[in-house]
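The structure appears right after this line, and notes come after that.
The values are calculated or read from the model by the stated rules, or taken from the named source; none is laboratory data. The model shown is predicted, which means the values in this text are computed figures rather than measured ones. FYI the Cβ positions are ideal-geometry reconstructions off the backbone, even for glycines, and counts take in every protein chain you see.
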Amino acid sequence: MNEAVRKISENLWGGRDELEVLTFDIAGEMFALEAVSVQEILDLLPETMVPGAKAFVGSVINFRGKVIPLADIRLAFGMEATKPTIDSRIIVIAINIGGEPVLAGIRTDKVHEVTTLLRAAGEPPPSVGMRWRPDFIDCLVKRGAEFIILPNLQAIFSAQHDRSATGASHG
Amino acid sequence: MSFPDPIAVFRTEAAELLEQIEAGLLDLNVNLGDKDQVDAVFRGLHTLKGSGAMFGFDALAAFTHHCETAFDRVRKGEVPATQELVTAVLEAKDHMRALVDTPNGDHEATGEALLANLRAAVDGANSPGAASPAKAAPGRSHFKIRFSLPQNAMANGTNPLPLLDELRELGECKIVANRSAIPSLELLAPTDLYISWEVELLTTQPRSAIDDVFIFVMDEMQLDVVTVEPPLAAGTPGKTETASTEAGPAAAPVAPPAPIAPAPVDAKQKKTAENVRVPAEKLDELMDRVGELVIAQSRLSQLAGGSGDLQLRAVSEDVERLSGELRDTMMVLRMVPVTQLFGRFRRLVHDLAHETGKTIELLTEGETTEVDKSVIERLADPLVHLVRNSCDHGLETPEERRAAGKPEAGHILLSARQQAGEVIITIKDDGRGINKERVRAKAESSGLIAPNANLTDQELYQLIFQPGFSTAQTVTNLSGRGVGMDVVKRTIDALRGTINVTSHVGKGSEISLAIPLTLAIIDGLLVRVGDGRYVIPLSAVEECLELPIEEDMRSRGRSFISLRDSLVPFLRLRDLFRTGTKPDPFQKVVVVSTGSERVGLVVDQIIGDHQTVIKGMSKLHHDVATFSGATILGDGDVALILDVGHLVAEGQQQEAHLRAAG
């Protein structure tokens with residue numbers, strides 16, 4: 001177990017033993033993001049499709065007069081699309097892409113709460129038994145019988161960014 | 001919020017001063033006798049020296065001092081202003097810029113050389129032996145001077161004592177302090193100045209020398225100078241001289257009544273007080289807020305329009321009017337006159353004339369035309385290329401010009417004017433014009449066009465903006481490398497502008513740049529394709545028409561419509577954007593022009609005109625070239641702005657794919 005803890009991504013925990021996170025559901029799984037990166041939680045907004053953009057960031061929304069992309073994390077994890085419900089929300093986060101802060105919205109099925117996760121309960125993503133790309137996950141944190149997934153948004157967005165960049169040069 | 005770095009502030013100020021100095025010098029070059037310009041340059045140099053020393057730019061201060069001294073002598077009439085002097089100081093000015101930018105760099109050698117130049121220029125001009133001003137003293141005149149400084153002068157850093165000393169240097173002097181305004185001790189503020197002075201001066205210097213003493217405080221002070229004709233000359237000079245005043249100024253504060261204090265504010269000062277310097281990004285922020293306000297307002301008016309509440313409607317209308325006015329004011333704030341931009345070219349042309357040995361006169365027109373600041377900044381480079389090109393390729397040498405029966409001096413006209421939401425900037429020369437045959441030959445040999453391709457003049461001229469294209473036989477220091485004109489094209493494209501070239505062999509060429517007044521707002525045509533709404537820049541739109549049903553039906557195989565006898569290909573945006581919805585029964589065509597091509601864009605519905613604030617696309621969408629940005633509609637939805645050039649390119653690619661697949 002100790003060994004496992006050591007392998008948990010340091011860029012998330014940064015030497016801390018506790019982490020304030022916002023937890024939310026996407027397609028039946030519980031995710032969490034560090035609370036400080038969350039700008040705002042919005043009700044669903046009208047989306048504008050961007051023809052030709054990658055499906056992962058296939059639309060934009062009007063976030064207080066700014067036009068920001070809406071990302072669908074489900075696609076990064078190969079999950080089923082779910083119908084919007086009364087609980088669906090958009091979480092607006094600030095992430096660093098290529099050295100610049102970028103605002104983006106993430107579509108979620110339900111937002112739970114801000115809570116504190118303990119590093120001691122964390123585990124690095126297992127190397128087998130998971131369909132998801134391990135580098136998209138910073139760590140898994142046990143809570144009761146469940147796991148909370150802490151996605152590595154940097155990796156997810158950068159992967160999409162890079163792929164789209166190479167895609168553009170081919171096209 | 002932190003205070004701005006003082007060094008950075010100084011640099012900004014120095015850059016402005018240097019610009020003023022340069023403008024003054026160039027004006028002076030045209031009219032060497034212009035005393036006002038001499039004064040202006042002197043003042044600029046003096047201020048630069050002063051604030052340079054204050055901010056620790058000692059090398060700059062020391063160097064500037066020499067130029068200032070030289071100009072001081074010109075100002076006093078000891079040395080005439082000459083072209084050599086102007087040129088020397090112009091070069092020195094560049095050195096000053098270097099000293100401002102890199103104060104610790106190794107500039108000494110250059111500085112010395114420039115100063116030697118300067119000295120030579122001054123001495124060369126100095127033949128009439130005007131060296132000592134005091135000597136020829138036939139008529140001494142007697143002045144009565146009365147002056148007072150504002151009460152807060154000392155707090156602002158003015159020290160009256162050196163002024164008195166300077167007066168003394170002018171000649172025999174009797175100074176009396178007027179202490180009547182000094183209040184009783186408890187009312188006395190130690191930093192205030194309560195004293196005014198009366199001076200009797202016997203001097204060989206002209207009246208203007210007295211004004212010069214006060215040159216830097218002139219705007220705030222009261223100064224009366226009276227010339228007294230005969231008497232004192234013989235009588236009193238020596239003895240009264242020191243019965244003066246020193247008791248006063250430093251320690252001598254005063255009282256509230258201060259009848260002298262608030263000197264009349266003259267027009268010039270008022271004007272400077274009205275200007276405020278604001279960082280551009282603050283304006284951008286404000287612009288964003290205003291944009292949001294406009295959007296929020298239009299949602300409000302939609303709501304109000306839907307409700308029967310009359311009061312709500314009244315308020316909504318007020319808000320609409322106010323936010324509209326606010327937006328207009330905001331746009332005006334960002335506008336700056338092109339004077340600043342054109343100013344740089346005078347120097348450029350001056351230097352180019354020297355380098356090429358041509359005589360070139362630069363004329364400018366419409367400098368007061370105002371353009372969005374960000375546009376001005378981005379226009380500078382392309383204009384430099386174009387002006388260089390005109391000087392180097394366009395204009396002939398004086399001999400050639402004489403042979404062609406033209407005046408020896410070549411003319412370049414730089415003009416700006418506004419025309420329906422665009423600013424048109426024209427560079428016109430009266431040189432040899434563009435040789436169409438040579439352009440064609442060059443284009444053919446480099447494979448840009450097919451041999452004997454049938455091109456209009458305009459298409460032919462546009463070729464000079466292709467990368468690597470140059471018809472110059474020789475590469476010079478200035479141009480001819482074929483780098484530059486394509487940069488011009490690219491920059492103007494990025495500004496959503498167009499370039500138009502006209503030229504007559506032997507008579508000259510004219511290049512016009514038409515550029516939208518602002519990058520922040522765009523006039524667009526709002527259209528609907530499937531469920532999505534899009535904005536097409538109105539500047540690209542030529543006309544709208546309905547797609548005839550028969551064309552609609554049969555356009556599986558070909559996508560052309562005939563428009564007044566010419567074939568216009570069209571793209572179905574529905575297919576391009578894969579909308580997957582049922583097409584509207586009557587499809588519309590928006591004919592857009594992309595440079596030389598005309599293309600129809602088939603849409604479901606044309607909604608109408610839409611003036612809109614442009615929002616950049618997120619970095620995550622940089623791969624989507626079809627859209628140049630986005631905008632927020634009245635109902636809060638986002639509409640994407642089509643980049644017509646890229647859209648057409650993309651359409652061509654898709655069709656190529658289809659052909660390959662089919």
Pairs, first part of a loop (DSSP other than H, G, I, E, B) in region B:96-112, second of a type outside the set (Gly, Ala, Ser), C-beta under 9 Å, six or more apart | B:103/B:57; B:103/B:58; B:103/B:60; B:105/B:99; B:107/B:63; B:107/B:95; B:107/B:99
Is it true that residue A:158 is within 22 Å of residue A:95 (Cα to Cα), under 13 Å from the mean Cα position of the chain (by Cα), within 14 Å of chain B (Cβ to nearest Cβ) and modelled with pLDDT under 80?
-> yes
Quick one: is residue A:145 free of Cβ contacts under 8 Å to residues at least 12 places away in the same chain and either more than 14 Å from every other protein chain (Cβ to nearest Cβ) or small (Gly, Ala, Ser) (or both)?
-> yes
Among residues of region A:80-107, those that are more than 14 Å from chain B (Cβ to nearest Cβ), under 13 Å from the mean Cα position of the chain (by Cα) and of a type outside the set (Val, Ile, Thr), counted | 1
Give region B:44-77 a look and list any residue that's within 21 Å of residue B:216 (Cβ to Cβ) and not in a helix (DSSP H, G or I), or say none.
-> B:55, B:57, B:76, B:77
What are the residues in region B:22-43 that are touching a helix residue (DSSP H, G or I) at 6+ places or on another chain (Cβ under 7 Å), more than 24 Å from residue B:280 (Cβ to Cβ) and part of a helix (DSSP H, G or I), if any?
-> B:24, B:25, B:26, B:27, B:28, B:29, B:37, B:38, B:39, B:40, B:41, B:42
With the condition kept exactly as written, say whether any residue in region B:514-526 is touching a residue at least 60 places away in the same chain (Cβ under 8 Å), out of contact with any helix residue (DSSP H, G or I) (no Cβ under 9 Å at 6 or more places or on another chain) and more than 26 Å from residue B:395 (Cα to Cα).
-> yes
So which residues in region B:286-311 are exposed (fewer than 15 other Cβ atoms within 10 Å of the Cβ), more than 12 Å from chain A (Cβ to nearest Cβ) and in a helix (DSSP H, G or I), if there are any at all?
-> B:302, B:303, B:305, B:306, B:310, B:311
Can you tell me which residue within region A:108-131, out of those that are without any contact (Cβ under 8 Å) to a residue 60 or more places away in the chain and surrounded by 14 or more Cβ atoms within 10 Å (Cβ to Cβ), is farthest from the other protein chains (Cβ to nearest Cβ)?
-> A:121
Counting only residues that are over 15 Å from residue B:529 (Cα atoms) and either within 14 Å of another protein chain (Cβ to nearest Cβ) or in contact with a Leu (Cβ under 6 Å, 6 or more places away or on another chain) (or both), region B:593-627 contains a total of 15
Any chance residue B:649 is surrounded by fewer than 17 Cβ atoms within 10 Å (Cβ to Cβ), within 14 Å of another protein chain (Cβ to nearest Cβ) and small (Gly, Ala, Ser) = yes
Report the residue count in region A:60-72 for those that are surrounded by fewer than 23 Cβ atoms within 10 Å (Cβ to Cβ), in contact with a strand residue (DSSP E or B) (Cβ under 7 Å, 6 or more places away or on another chain) and at the interface with chain B (Cβ under 9 Å from one of its Cβ atoms).
-> 2
So which residues in region B:19-53 are without any contact (Cβ under 8 Å) to a residue 40 or more places away in the chain and within 25 Å of residue B:5 (Cβ to Cβ)?
-> B:20, B:44, B:45, B:47, B:49, B:50, B:53
Residue check for residue B:331: farther than 30 Å from residue B:389 by Cα, touching a Ser or Thr at 6+ places or on another chain (Cβ under 9 Å), surrounded by 15 or more Cβ atoms within 10 Å (Cβ to Cβ) and at pLDDT below 80 = yes
Within region B:628-645, considering residues that are within 10 Å of another protein chain (Cβ to nearest Cβ) and of a type in the set (A, V, I, L, M, F, W, C), the one surrounded by the fewest Cβ atoms within 10 Å (Cβ to Cβ) | B:633
Here are some residues: B:584, B:523. Which one is over 22 Å from residue B:653 (Cα atoms), at pLDDT below 80 and in contact with a strand residue (DSSP E or B) (Cβ under 9 Å, 6 or more places away or on another chain)?
-> B:523
Flag for residue B:71 being under 26 Å from the mean Cα position of the chain (by Cα), in contact (Cβ under 8 Å) with a residue 12 or more places away in the chain and closer than 27 Å to residue B:9 by Cβ | no
Would you be able to tell me the number of residues in region B:570-592 that are more than 12 Å from chain A (Cβ to nearest Cβ) and either among the β-branched types (Val, Ile, Thr) or free of Cβ contacts under 8 Å to residues at least 12 places away in the same chain (or both)?
-> 6
Name every residue in region A:106-163 that is touching a strand residue (DSSP E or B) at 6+ places or on another chain (Cβ under 8 Å) and basic (Lys, Arg), in order of residue number.
-> A:107, A:110, A:119, A:142, A:143
Of the numbered conditions (1) touching a Lys or Arg at 6+ places or on another chain (Cβ under 9 Å); (2) in contact (Cβ under 8 Å) with a residue 40 or more places away in the chain; (3) small (Gly, Ala, Ser), residue A:104 fails exactly one; give the number of that condition.
-> (1)
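Residue-wise test of (1) more than 14 Å from every other protein chain (Cβ to nearest Cβ); (2) crowded, with 19+ Cβ neighbours inside 10 Å; (3) modelled with pLDDT of 85 or more.
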| site | (1), (2), (3) |
| --- | --- |
| A:25 | yes, no, yes |
| A:30 | yes, no, yes |
| A:34 | yes, no, yes |
| A:49 | no, no, yes |
| A:57 | no, yes, yes |
